[in-house]
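Colleague: One structure, as structure tokens, below. Some questions next.
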Amino acid sequence: CMWLNGALYVAAPPHILRFTDTDGDGVADKEEIWFDGKTLTGCANDLHGPYRGPDGYIYWTKGAFAKQEHTLPDGKTFGTRAAHIFRATPDGKNIEPVMTGGMDNPVDLVFTPGGDIVFSTTFFQHPAGGKRDGLVHAIESTAHTGSIGDGKIAVIDVRDIVRIRTGERGVDAL
């Protein structure tokens, strides 16, 4: 849950609810659906959050593969079955995907002092050899300009690391 501008925001999949004390008695007397995720798969990866972003937006994650459709600020419909990190303005408008795909079930996220997203995810890769969960620094949020040449991010297993200057390998090279 998250406290913001006199209201408590709570994840209650498939929704994010907002509870507000409108008469100042210390008891929330207004409950509303701030975000409607519309789908509930029952496997605990439908929705996580909310999280307050340094840019004033509210962020949350969607990990389920159930199809969701949302209206973007430009009026276009965005339909997806992929995992996402979303954000919207505190009034619940201007929903937009921040990051999509490349992970399953993003669970938690925080922001670096520079505003980059770091998030945890389950099933970062298909479970094999004891590997499954991941902690990801999402540089995409700051690398994106919308222009050709923004580049791509590849996520691969690293077998070894070599520090060129000293020849050190593995953890010693970090």
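Colleague: Expected output is a single nm value to one decimal: the length gained when fully extending between ALA82 and LYS38, i.e. 0.36 nm times separation in residues minus the C-alpha distance. What is it? Provide the component values of the computation, followed by the final result.
Modeller: Working: separation 44, 0.36 × 44 = 15.84 nm, distance 1.45 nm.
So the chain would gain 14.4 nm between ALA82 and LYS38.
Colleague: Leaving ligands, DNA and RNA out of it, rank CYS43, CYS1 by accessible area with a 1.4 Å probe, largest first.
Modeller: Numbers: CYS43 80, CYS1 120 Å².
Final ranking, largest accessible area leading: CYS1, CYS43.
Colleague: Return an integer: the convex hull volume of the alpha-carbon atoms of the range 1-94, in Å³ per residue. Before the final figure, lay out the partial values.
Modeller: On the way: hull volume 9.1 nm³, N = 94.
Cα-based convex hull of the range 1-94, divided per residue, equals 97 Å³.
Colleague: Check each of the trypsin sites (Lys or Arg not before Pro) in the range 12-57 and keep only those in coil by DSSP with at most 14 other C-beta atoms within 10 angstrom; list them in order.
Modeller: Values: sites: ARG18, LYS30, LYS38, ARG52; in loops: LYS38.
Those satisfying the criteria are LYS38.
Colleague: Shifting gears a bit: Grab the Cα-Cα distance for ASP21 and THR89, subtract it from 0.36 nm times how many residues apart they are, and report the gain in nm with one decimal.
Modeller: Length gained, ASP21 through THR89: 22.5 nm.
Colleague: Another question about this same structure. Might you tell me the accessible area per residue for the range 1-86, computed with a 1.4 Å probe and given in Å²?
Modeller: Values: 4430 Å² over 86 residues.
For the range 1-86, the per-residue accessible area is 52 Å².
The values are calculated or read from the model by the stated rules, or taken from the named source; none is laboratory data. Please read these numbers as outputs of a predicted model, since none were measured by experiment. Neighbour counts run over all protein chains shown; Cβ positions are idealised from the backbone, glycine included. Note: areas computed on protein heavy atoms with side chains; ligands, DNA, RNA excluded. Shrake-Rupley method; radii C 1.70, N 1.55, O 1.52, S 1.80 Å.
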